[in-house]
Every structure is written in C-alpha cells, then in structure tokens.
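The values are calculated or read from the model by the stated rules, or taken from the named source; none is laboratory data. The model shown is predicted, which means the values in this text are computed figures rather than measured ones. Cβ sites come from the backbone with ideal geometry, for glycine too, and all protein chains shown count toward neighbours.
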Amino acid sequence: MQKNIFLILLLIAQWQISIAQNKEFSGRILYKNTFFRPNGEDITSKLAVALGAEQDYYISGRNYKSILNGTTITMQMFKGETNKYYMVLPNKTAQVMNVSGTGDSILSIVHGTKDTIILGRTCKSIVITETKATTTYYYDPTLKVNKDNFKKHDLGNYNRYLQEANGALPIKYIVTNKMFIWDAEATKIEEMALTDKDFELSDDIKVKE
C-alpha cells in the first residue's frame, strides 16, 4: 500500500512539474540597461539618457510592449493580431510597420553548453550572429510563451530566437555592434493577468503609417 501511495504522489508531482513547464507566461519583466564601448568602457551615463536606463516589458498572448525611460523612444509595442510593431516617440507620435520580412541575415546560431544563474534562475544561452550585430540571449526554459504567436515577427529575428529557445523569454541579452555593447538584464519578473486592452495606444498618440 505504501509503495502504491508513493507512486501516486510521484505521478502527481511529475504532472504538476509538466503543467508548470508548459504554462505560458503573462506579466512583466523589468530590465536594467548598461552600455559599453567596444573597448569595454562603461558609457551608461551617456547612452541611458537617450535609450533608457530601464525597460518595463509586458507580454501576454500575442502582444507585448516595452516602456522605456529614455528621450529617444518612450514605448515599443507589438500586436500579434495585425503583426504590426509600433514605435512611440516623445512627441506623442507612433511609427508603425508590419514586421514580416524585416529581419537581418543570420550568419550563425550557437547554443551554449554551460548554464548561468541570473535572478536565481538557471538559464541557458544562445548566440545569434547577424550581419550587423551579435546577440547573446540567456533564458530560463520554464519562463515561456507560445512561440507560434510570434512566428511572423521577423524584426530583430525575434521569431527565430523564440524558435531556438522553444518560446522561452530572455532573462538577459547582450547586443554587440560596431558602435556599442548593450547589456539588458532582468531585475524583476512578475506574473500578471493582462488583456488585449493593456496593449492599446492611448488616444493622445497619433499613428503614422
């Protein structure tokens, strides 16, 4: 009898783990931005003014938005229903584009072999090298979305990254190009119930197609 009870408890635990691993994340990830010159010099105090010292990222279902505290862009938003990306500027205008066919050419994709602990999470890594930049992603496989919701999101090759990471969201990413290195690392992750209404532009923003 005790053996049967143990087996039942083991099956329940495995079932609960399976549910947790397959659960789609809906909520907020707060990233801290740090910027460097290619030679390693920290230039955060200069670039953070324009690009933002933080990114408040929200994602749910087919939509995401990233609120930035810089002077160049105040928000980026993607709506999966239309496959459109909006870049909101400080002057309350939003430039919009369909992100299909906008990805840079990928030269290589390399999966890391060692795990990294970030924010208490065990993260795997992927390095995607494009013609204009190289991005290293660190992701927790259990913090994931449905990658099929973003399969047409070619901008930044986001769809390809999600495909390689099986839908896992980055806990940290490092973008390296000829001008600077951009390091974004999560400082807070919160589950939240979000709806399509949370991914609407405010009435005072003028959209420019």
Please work out which one of (1) among the polar types (S, T, N, Q); (2) part of a loop (DSSP other than H, G, I, E, B); (3) closer than 21 Å to Gln55 by Cα is the condition Asn166 fails and give its number. (3)
Any chance the range 34-47 includes a residue that's surrounded by 18 or more Cβ atoms within 10 Å (Cβ to Cβ) and modelled with pLDDT under 95? yes
Lone qualifier among Lys178, Lys152, Lys197, Lys172 - being in a strand (DSSP E or B) and either within 18 Å of Gln55 (Cβ to Cβ) or out of contact with any Cys (no Cβ under 9 Å at 6 or more places or on another chain) (or both): Lys172
Output for Cβ contacts, cut-off 6 Å, separation at least six or different chains, first residue farther than 25 Å from Ser45 by Cα in the range 173-199, second among the hydroxyl-bearing types (Ser, Thr, Tyr) and surrounded by 11 or more Cβ atoms within 10 Å (Cβ to Cβ), reads Leu194/Ser26; Leu194/Ser60
How about the range 125-150: which of its residues are at pLDDT 95 or above and charged (D, E, K, R)? Glu130, Asp140, Lys144, Lys147, Asp148
What are the residue pairs meeting all of these: first residue in the range 90-114, first residue without any contact (Cβ under 8 Å) to a residue 12 or more places away in the chain, second residue among the hydrophobic types (A, V, I, L, M, F, W, C) and surrounded by 13 or more Cβ atoms within 10 Å (Cβ to Cβ), Cβ atoms under 6 Å, and 6 or more apart or on different chains? none
State yes or no: is Lys188 out of contact with any Asp or Glu (no Cβ under 6 Å at 6 or more places or on another chain), part of a strand (DSSP E or B), under 15 Å from Tyr58 (Cβ atoms) and among the basic types (Lys, Arg)? yes
